[in-house]
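Where a number appears in this text, it was derived from the coordinates with a stated rule and is not lab data. Just so you know, these numbers come straight off a predicted model, no measurement behind them. With ideal geometry, Cβ positions are generated from the backbone for all residues, glycine too; neighbour counts draw on all protein chains shown.
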Amino acid sequence: MTRASSISSFSAVENVFPTEAGIADALSRAVDVFRQAGLGGAHLFSIELSIHEALVNAFVHGVLERGASQIRLAYEIDSRRVRVVVEDDGADAVTQDGRDNRGEGHGRGLSLIRAFTSRVFSQGGVISMELDLDEAPVASSDHIPAMLRSWNSLLW
C-alpha cells in the first residue's frame, strides 16, 4: 500500500475526445499522473477503474444517448485524497412526466464507482468522486465480494 505522506500534489483538467480511443488516452494520461505522484497498488486500481467507468458512462449516456459533444475530466491528488470529476454536455434526459431518467438502466458503472471510492455524487451529466488515501483501499474491503455475489445472483 502506498503511504499517503509520499503522495505529491497535482491537478489537471482536460477535454476528452468523445470516442473510445479518446477515453482510453485520457485514462492513460490520468493514471500516469497518479503513478508519478506516488499512487500505487489498490488505491491506483480503485481510481483507475472508477475513472474508466465514469468516462464510459459519459460516452454511452452523454454522447451516444443524449448527443453530448464534449466530455471533461478534472482530477487532483494530494497527500490525503484523490478527487475526480467527469462531466458531459449532453441534453437533459427528463421524461415527459418530468422525471429525470439518467440514472435508470441496467449498467453497473455507478455501482462500481461507489464500491471503489470513498464518496460519489452523480447528477445529470456529472459524476464527482473522492478516494481517501489515509484509509485502507476500498478495493480490498469485505463489501466487494458481497456486491459481486449479489450481481452474480442477478445474472443467473
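Values computed for the structure shown
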| item | result |
| --- | --- |
| Among Gly41, Val31, Thr19 the positive-end extreme of the charge dipole of segment 9-65 (Cβ point charges) | Gly41 |
| Added length on full extension, which subtracts the Cα-Cα distance from 0.36 nm per residue, Ser9 to Arg108 | 32.6 nm |
| Gap separating the Cα centres of segment 48-90 and segment 19-42, nearest whole Å | 13 |
| nm² value of the averaged projected area, convex hull over the Cα atoms of segment 40-90 | 3.4 |
